[in-house]
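The values are calculated or read from the model by the stated rules, or taken from the named source; none is laboratory data. As the structure is a prediction and not an experimental result, all values here were calculated from the model. All Cβ positions, glycine included, derive from the backbone under ideal geometry; neighbour counts span all protein chains shown.
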């Protein structure tokens, strides 16, 4: 058994030299472990007269395939060590189990480089009793289920050391009906995952220049440029696409005037409103702000409210009479804050009692550098 233990340690120590030349981690790994195993029942068996000294040292080798970072399948070979006793016929029994295993493994990473593991599977075991110093040798085979758990630490992206516990059930001698064992195993396991992740090799200066070329001279390199044909005179965003500004056009309805202290639209002003409506219908992407103003006569608060009523009156005509959608119209009053003629003369007051229409659109006008 000690020779087997040394063999397992040697094979495990050689694992780092089996690394693949792949440039990234593969789903394949190999591993090996050593530990201590305890068969149950041992000295409690009724067939035992004298308990002997166990050789509890166990070892295993395995290889696995990961479906993802959390789940995989594993094939292995395990030797669970020996247990000895003298039965009531004064014969020495030297019993041990070994065999191939197949199981599913799960992993749960936590903290930095730490992970929990769980496993379940079956062992195709050979149970041997080298009775009376191998003069009465007999054996039996079977399938025994096992479960396990562990905690591991990755020293590198490839190398992991884990503490393992496994429980084996029904390691039975059905052929001779002399042995019915379970097993508890504790041990250390070292595993190696093939492949490696490496930093990109240094790129020659010419290659860097090619990657970072700016063919359209817009200040954004080609590998990041989503609009490769922009003019160098255009201001661009981080994607290399031309930035556009909102073009505001002003349509002055200076002909819409109001009587003093009135928000009623004069009949002759409908022609001007109709012109505005026709323009908005011809340019459905445009919106309009109806700005109401008042003359500087009376209280400022009252004039502010009066200017708002005038703006709302024109907005209502645009919507109800000419069918312009209300979500394209904004009505706002400015009171006496924006006179076009200063003073309180009759002519100044007449000109300041007015409506102005500000038509806005987002036509594609590039922003220049």
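Before moving on, here are some points about what is shown:
- Single residue of 297, 314 found to be over 48 Å from the mean Cα position of the chain (by Cα) and assigned to a helix (DSSP H, G or I): 314
- Failed item in (1) under 19 Å from residue 161 (Cβ atoms); (2) touching a helix residue (DSSP H, G or I) at 6+ places or on another chain (Cβ under 7 Å), with residue 93 passing the rest: (1)
- Selection within the range 215-236 - at pLDDT 80 or above and surrounded by 13 or more Cβ atoms within 10 Å (Cβ to Cβ): 220, 221, 222, 225, 227, 228, 230, 231, 234, 235, 236
Residue-by-condition table, conditions (1) under 30 Å from the mean Cα position of the chain (by Cα); (2) not in a loop (DSSP other than H, G, I, E, B):
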| site | (1), (2) |
| --- | --- |
| 58 | no, yes |
| 65 | yes, yes |
| 68 | yes, no |
| 72 | yes, yes |
| 75 | no, yes |
| 81 | no, yes |
| 104 | yes, yes |
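- Residues that are assigned to a strand (DSSP E or B) and in contact (Cβ under 8 Å) with a residue 40 or more places away in the chain within the range 161-179 comprise 162, 164, 166, 168, 171, 172, listed in sequence order.
- Residues that are part of a strand (DSSP E or B) and either under 19 Å from residue 32 (Cβ atoms) or not assigned by TED's automatic domain parsing to the domain that holds residue 83 (or both), drawn from the range 126-155: 146, 148, 149, 150, 151, 152, 153, 154
- Summed over the range 107-117, the residues that are in contact (Cβ under 8 Å) with a residue 24 or more places away in the chain, loosely packed, with under 14 Cβ neighbours inside 10 Å and in a strand (DSSP E or B) give a count of 3.
- Residues that are surrounded by fewer than 17 Cβ atoms within 10 Å (Cβ to Cβ) and in contact with a strand residue (DSSP E or B) (Cβ under 8 Å, 6 or more places away or on another chain) within the range 287-303 are absent altogether.
Quick grid of which residues meet (1) surrounded by 13 or more Cβ atoms within 10 Å (Cβ to Cβ); (2) closer than 17 Å to residue 271 by Cα; (3) outside the structural domain of residue 283 (by TED's automatic domain parsing):
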| residue | (1), (2), (3) |
| --- | --- |
| 309 | yes, no, no |
| 316 | yes, yes, no |
| 320 | no, yes, no |
| 326 | no, no, no |
| 331 | yes, no, no |
| 347 | no, no, no |
| 351 | yes, no, no |
| 354 | yes, yes, no |
| 358 | yes, no, no |
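- If only residues of the range 255-286 that are surrounded by fewer than 12 Cβ atoms within 10 Å (Cβ to Cβ) and in a loop (DSSP other than H, G, I, E, B) are counted, the one that is modelled with the lowest pLDDT is 259.
- Reported count of residues in the range 125-137, each being exposed (fewer than 14 other Cβ atoms within 10 Å of the Cβ) and touching a strand residue (DSSP E or B) at 6+ places or on another chain (Cβ under 9 Å), is 4.
- Unmet requirement for residue 89, which otherwise passes all of (1) touching a strand residue (DSSP E or B) at 6+ places or on another chain (Cβ under 7 Å); (2) within 22 Å of residue 136 (Cβ to Cβ): (1)
- Scanning the range 317-366 for residues that are closer than 20 Å to residue 286 by Cβ and in a loop (DSSP other than H, G, I, E, B) yields 321, 322, 323, 324, 325.
- Residue count for the range 154-181, restricted to those that are closer than 20 Å to residue 59 by Cα and either at pLDDT 90 or above or in contact with a helix residue (DSSP H, G or I) (Cβ under 9 Å, 6 or more places away or on another chain) (or both): 13.
- Residue check for residue 244: touching a strand residue (DSSP E or B) at 6+ places or on another chain (Cβ under 7 Å) and crowded, with 16+ Cβ neighbours inside 10 Å: no
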